[in-house]
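Student: Quick one: the structure is below, questions incoming.
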Amino acid sequence: MQRRHQPRIAVYTGEGASHSWTWFADIFDREYSGPVSFVDEAAIFRGALDSADVLFVSGGDTFAIAAALAEQGARLIEQFIRGGGTYIGACAGAYLLLKSSLEPLHYFNFVDAKIANLTRCLPPALQRPEKFCTAYGCRYVYHPVRGEVMMRYGTAPHEPRAVHAPLYGGSAMIASDDIEILATYAGFTAESEFLVDEPVASETLIGNVAVARKLLGSGVIYLFGPHFEHPDYPEANRIIFDCIAGARSVEPQEHQNAPVVDPAGRAAFRRFLSALSNARIVALALERSHYQWLIGAKVYDPEKIRVFLEALWARACVLEQRGLQGCCSAAQIERLNAALARCTANLHALRLDAHCGCAEELFRDLRCSSAAFMNMYFAALHAPDHDARAAAQPQPGRRAAPACRVEACHQLLY
């Protein structure tokens, strides 16, 4: 009999992904001690899904994600699911697999359910017009509410229960014959921010599908309209972990050797902390502005810059506290230092001229460098014990949360 292992998790961080994949890193820090990797479209093309049991695709620009993955990526993801993998899509990651005739979304028609918040005639926007809608062919995907919403979660024979999670542009789905409905939108809370009149929001959301499951081959697809992975919603997080617990995990995992300590890595790491600190200072100053940048079909705010930087800073503090800086190779860290130098230069340029044209490069560097560091961070924490780690081990079965995490970042509006 094959022995079960903790599922191997891959998180998509490629083109089109926004900052919300960092929320998966946050909840894995708290609740998960299995293997975690952060992959872009190039890694998927190279076969990253061959060594994964679960693929997470979170928020961002659905069209950009689909264009980056294209037909080859769609085929690889379908093979992954049919072969027994688990796909968990939230927000853009859910839109990606819904039925569509638009290119390049048509490569990903894995689920027949359609988008409920899709229209030719937009209702009047009460606020946040830049966040209110996105062109979808000759129609529009519109977002009636932002922030916390309430859902009825559960399937027979269990009694449905109320679950809360934030909705930041995610879908309401029209039920189709190929899905199992796990949750429907049930109401709003004091934290709900209406972008349209409440009756219109109710008509669009209430009773429609918020969470769906579909079996495909030997695998399973979970689609979440709201962000159940948001770290401020532990009950919703538990549902995510229930999905992970049901994933395949029987393949023998490669033996992981203790990381090679690179003496030069410690010096490079000190430079990394300095470069990161400088970037945080400039980003905080930029955050006081009211700038916004349209990149692809998604609007980015200055606050999102600091989400990446604080995610890096919190985990850099953890590695330093545990004496694991030397587990990061000097070459890897110097590449991050170069990316941070570009980020800081672009931050200065944007402070002087918000329309200087470097926002896209800035967010790409933030996304790519954050993903690269996350891979080093989780690899260091999952490596076999060595003397440098012995003094600061987490409790069995539960990794300690980063001591330096800046919780305020979770409260930013996305």
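FYI, it's all coordinate maths here, none of it is from the lab. None of the values given here were measured: they were computed from a predicted structure. Virtual Cβ from ideal backbone geometry, glycine too; neighbours counted across all protein chains shown.
Student: Whole percent per 10 Å bin, from 0 to the bin with the longest distance: what is P(r) over all C-alpha pairs of segment 42-109?
Tutor: 22, 60, 18, 0
Student: Could you work out the helix-only [θ] at 222 nm for the chain, with each DSSP H run of four or more residues adding -39,500 (n - 2.57) and the total divided by the number of residues, to the nearest 500 deg cm²/dmol?
Tutor: So the calculated ellipticity at 222 nm is -12500 deg cm²/dmol.
Student: Moving on to the next point. Going by how many other beta carbons lie within 10 Å of each one, how would you line up Cys317, Cys356, fewest first?
Tutor: Lowest to highest Cβ neighbour count: Cys356, Cys317.
Student: First obtain the Kirkwood hydrodynamic radius of the chain from its Cα pairs, then insert it into the Stokes-Einstein equation at 37 °C and 0.692 mPa s, and state the resulting D in µm² per second as a whole number.
Tutor: 150
Student: Okay, next question. Could you order the peptides 82-93, 264-275 from most to least packed, using the average number of other C-beta atoms within 10 Å per residue?
Tutor: 82-93, 264-275
Student: Next up: For Ala90, what residues show an amide H to amide H distance below 5 Å, using hydrogens built from the backbone and excluding near sequence neighbours?
Tutor: Correct list: Val57, Ser58, Phe224.
Student: Here's another thing I want to ask about it. In the structure shown, do any of Lys99/Lys131; Lys99/Lys304; Lys114/Lys298 have a Cα-Cα gap over 27 Å, and if so which?
Tutor: Those over the limit are Lys99/Lys304.
Student: For the chain, modelled as a GNM with alpha-carbon contacts under 10 angstrom, which of Tyr32, Tyr222, Tyr185 fluctuates the most?
Tutor: Per the Cα network of the chain with a 10 Å cutoff, Tyr32 tops the list.
Student: Something else about it: Quick check on segment 43-164: what does the Kirkwood estimate of hydrodynamic radius come out to from the alpha carbon pairs, in Å?
Tutor: Averaging 1/r across every pair of different Cα atoms and inverting gives 16.3 Å.
Student: Next question, about the same structure. What does segment 172-325 give for Rg and for Dmax, in Å, if only its C-alpha atoms count?
Tutor: In Å, with Rg to one decimal and Dmax whole: 21.9, 62.
Student: Give the relative contact order (percent, whole number) for segment 114-209; include only Cα pairs under 8 Å separated by 6+ residues.
Tutor: RCO, segment 114-209: 35 percent.
Student: Right, something else. Please state the equivalent ellipsoid semi-axes for segment 277-352: what are the square roots of 5 times the Cα gyration tensor eigenvalues, largest first, in whole Å?
Tutor: One finds semi-axes of 27, 13, 12 Å for segment 277-352.
Student: Quick one: compute the contact order of the chain, relative version, from alpha carbon pairs under 8 angstrom and 6+ residues apart, as a percent.
Tutor: 18
Student: Which aspartates and glutamates have a Cα lying under 12 Å from the Cα of Lys214, excluding residues fewer than 8 positions away in the same chain?
Tutor: Cα-Cα hits under 12 Å: Asp112, Asp177, Asp178, Glu180.
Student: In segment 9-245, how does Rg compare with the Kirkwood Rh, expressed as the Rg/Rh ratio over alpha carbon atoms?
Tutor: Ratio of gyration radius to Kirkwood radius for segment 9-245: 0.94.
Student: Moving on. Can you list residues whose amide H is under 5 Å from Glu15's amide H, if they're 5+ apart or on another chain and H is modeled 1.01 Å from N?
Tutor: Residues meeting the amide H criterion: Glu41.
Student: Here's another thing I want to ask about it. Between segment 284-318 and segment 321-341, how far is it from one alpha carbon centroid to the other, in angstrom?
Tutor: So the two Cα centres are separated by 21 Å.
Student: Hey, rough spin-label estimate for Ala264 and Leu102, points 7 angstrom out along Cα→Cβ, what's it come to in nanometres?
Tutor: For the pair Ala264/Leu102, the computed spacing is 4.8 nm.
Student: Let me ask another. Rounded to the nearest 5, what % of the DSSP beta bridges within the chain are antiparallel ones?
Tutor: That works out to approximately 70 percent antiparallel.
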